[in-house]
Amino acid sequence: MYIHLLHLGRLGYADGLAIQARVVAARKAGLIGDTLLLLEHPPVITLGRNSSRANVLASDEWLAARGVELHEINRGGDVTYHGPGQLVGYPIVDLRGEWPGKKGPFLGPVDFVRMLEEALIRTCADFGVMAKRIPKCTGVWTFGGGETGNSEQGTGNRNTERIRERKLAAIGVHVSQGVTSHGFALNVTTDLRAFEWIVPCGITDRGVTSLELEADRATEPTMERASNSAARNFGRVFGRQMLWCESLEQLLATADDRP
């Protein structure tokens, strides 16, 4: 039992969607096995099925002048940003397969998302970053807690504020005929200023962060290291061996009649 692994490098969002569509069609037809695509996009904003256009704070004209694309897509979730330094993963798997924890003919979409979160939590741990889930806030987050504040000069009073969790990874998936598409976006060395263009995932009371900001110097993350860690942990959580593919052509040429 294995999952094909294909690193696509950096490519435009429309090109990524086109490749994803080809792989999804091949998976639905039973021509290839389950697959994980790992890639990186130039700056782009995407709006999922549950998104509000009001959560895009920058105007279309402002974004276009800076070469930032905007796409409305069929994944779950709200508005998110993709850009350089962010690891994007598109797991294209048949939920009817033999997956850990499956309780019926399908692995439930919510259970699938929880497994994606677990793989990313373990990836963060590889860089010394403690991460967790937050109920009703899909994704992977830092731990909050503690207080920050400052004293009012001459009064002895101290204003304190609880440190809130910050999002390390966003998740949004689509399921059609039992096959998943879209997936996750993990901030590795992302320029977080780009998230000022949107209300990330429609969440206003928590910010975003990256592995680069959270990791200690001894475990400094790079895109290559993060990609390898994510692939390794994806295989562990989903109980499959990861099988490297050299190219999209090699992947699509693989006839696989195994479950």
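The values are calculated or read from the model by the stated rules, or taken from the named source; none is laboratory data. On a predicted model such as this, the values are computed, not experimentally measured, just so you know. Cβ: placed from backbone, ideal geometry, glycine included. Neighbour counts: every protein chain shown. When the accessible area is computed, the model is the full protein with side chains, heavy atoms only, and any ligands, DNA or RNA have been set aside. Shrake-Rupley method; radii C 1.70, N 1.55, O 1.52, S 1.80 Å.
Annotations for the structure displayed:
- Within the range 103-115, residues that are more than 12 Å from residue 179 (Cβ to Cβ) sit with their Cβ atoms under 7 Å from residues that are part of a helix (DSSP H, G or I) and modelled with pLDDT of 90 or more, at 6+ positions apart or across chains, in these pairs: 115/237; 115/238.
- Residues located in the range 66-99, provided they are open to solvent by 60 Å² or more (accessible area, probe 1.4 Å) and either modelled with pLDDT of 95 or more or in a loop (DSSP other than H, G, I, E, B) (or both): 66, 74, 96, 98
- Odd one out for residue 7, checked against (1) open to solvent by 50 Å² or more (accessible area, probe 1.4 Å); (2) at pLDDT below 95: (2)
- Answer residue from the range 116-132, given it is surrounded by fewer than 20 Cβ atoms within 10 Å (Cβ to Cβ) and hydrophobic (A, V, I, L, M, F, W, C) and is nearest to residue 237 (Cα to Cα) among those: 125
- Qualifying residues in the range 10-22 (those that are over 12 Å from residue 247 (Cα atoms) and aliphatic (A, V, I, L, M)) - the one surrounded by the most Cβ atoms within 10 Å (Cβ to Cβ): 17
- Top-ranked residue in the range 180-200 [being under 13 Å from the mean Cα position of the chain (by Cα) and assigned to a strand (DSSP E or B); ranked as farthest from residue 111 (Cα to Cα)]: 187
- Residues that are touching an Asp or Glu at 6+ places or on another chain (Cβ under 9 Å) and surrounded by fewer than 19 Cβ atoms within 10 Å (Cβ to Cβ) were ranked within the range 180-199; the one that is farthest from residue 38 (Cα to Cα) is 199.
- Residues of the range 200-215 that are open to solvent by less than 30 Å² (accessible area, probe 1.4 Å) and either polar (S, T, N, Q) or in contact with a strand residue (DSSP E or B) (Cβ under 6 Å, 6 or more places away or on another chain) (or both): 200, 209, 210.
- Residue check for residue 218: surrounded by 17 or more Cβ atoms within 10 Å (Cβ to Cβ) and small (Gly, Ala, Ser): no
- Test for residue 169: is it assigned to a helix (DSSP H, G or I), surrounded by 19 or more Cβ atoms within 10 Å (Cβ to Cβ) and at pLDDT 95 or above: no
- Hey, residue 204 in a loop (DSSP other than H, G, I, E, B) and either of a type in the set (Ser, Thr, Tyr) or in contact with a Pro (Cβ under 6 Å, 6 or more places away or on another chain) (or both) or not: yes
- Residue match in the range 31-42 (condition: out of contact with any Gly (no Cβ under 9 Å at 6 or more places or on another chain) and open to solvent by 20 Å² or more (accessible area, probe 1.4 Å)): yes
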